[in-house]
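Trainee: After the structure tokens below, expect a handful of questions from me.
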């Protein structure tokens, strides 16, 4: 009889453990813990492996740059082959494994001449930008040739966000900024109403970086890592951040057209203005999916 009671107790314990395992498995990757947002969809360490990307593969192949399903991206490595200026590189944009050709426009110098990006070569190249999100956080990854600690014209740009889609809010319409460069303010902190700087050489490339802002809203999780991978004789870096949505007005969805990143000097930038319009269908799809998810969650 005692053995039967023991067996019953063991079975009951296993069922309880199993139930807790199911609950844990169903828990969203982003949770609120002691008032802090935990952004857990990606490990923020400068590796793109959990985005589905292996930068040790051949950079001349489109497949190398394709991320996991649901991740929006634009790749503009080296110069766009359409302009016939070496070195060429992959130029595509899309979501997950679906992509189309990305036509990178020329930029106009203050001297009036038009140049291909990246102007002045690999040292200023922004290779790729990736975007994903979950209910509580926005995740951004950038592949760049600029070091976090560089100064002057080689200073990295900061991530600009226009989430209210109002061009009159904030300098150049970007009301939030995340500090990518290790200069002036706290790296990876999120700021409201940054005093965005324009390019000194390419007037249309703006914003670039900021030295001051109205207020510090808090910290994003961030990493700025040397990949050890050389492209055209220059090492490349991965910048990876997880931004709590609570710091940026709790947007329901964020599209590639809401982001902007440009070199401090303006020699390269992502995305081109045309990408804002191309991103609209993706944003609409994202909005519908998020709305459906949250509606179902409320009904549950």
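Where a number appears in this text, it was derived from the coordinates with a stated rule and is not lab data. Predicted, not measured: the structure shown is a model, and the values here were computed from it. Cβ placement follows ideal geometry from the backbone for every residue including glycine, while neighbour counts extend to all protein chains displayed.
Trainee: Take residue 184, project a point 7 Å from its Cα along the Cβ direction, then tell me which residues of the stretch 222-263 have their backbone nitrogen under 19 Å from it.
Mentor: 259-263
Trainee: Find how many whole Å separate the alpha carbon centroid of the stretch 67-121 from the alpha carbon centroid of the stretch 135-211.
Mentor: Result: 20 Å between the Cα centres.
Trainee: Between residue 83 and residue 211, what is the spin-label point distance in nm, taking each point 7 Å from the Cα along the Cα→C-beta axis?
Mentor: That separation, rounded to one decimal, is 2.9 nm.
Trainee: Round to the nearest 0.05 the FRET efficiency obtained for residue 50 and residue 165 when R0 = 35 Å and r is the Cβ-Cβ distance.
Mentor: Details: r = 30 Å, r/R0 = 0.85.
Efficiency, from the Cβ-Cβ distance: 0.70.
Trainee: Can you give the extra length, in nm with one decimal, that the chain gains between residue 120 and residue 101 once fully stretched, where that is 0.36 nm per residue apart less the Cα-Cα distance? Don't jump to the answer; show the numbers that get you there.
Mentor: Numbers: separation 19, 0.36 × 19 = 6.84 nm, distance 2.36 nm.
Computed gain between residue 120 and residue 101 is 4.5 nm.
Trainee: Subtract the Cα-Cα distance of residue 63 and residue 227 from 0.36 nm times their separation in residues, and report this length gain in nm to one decimal.
Mentor: Values: separation 164, 0.36 × 164 = 59.04 nm, distance 1.89 nm.
Result: 57.1 nm gained on full extension.
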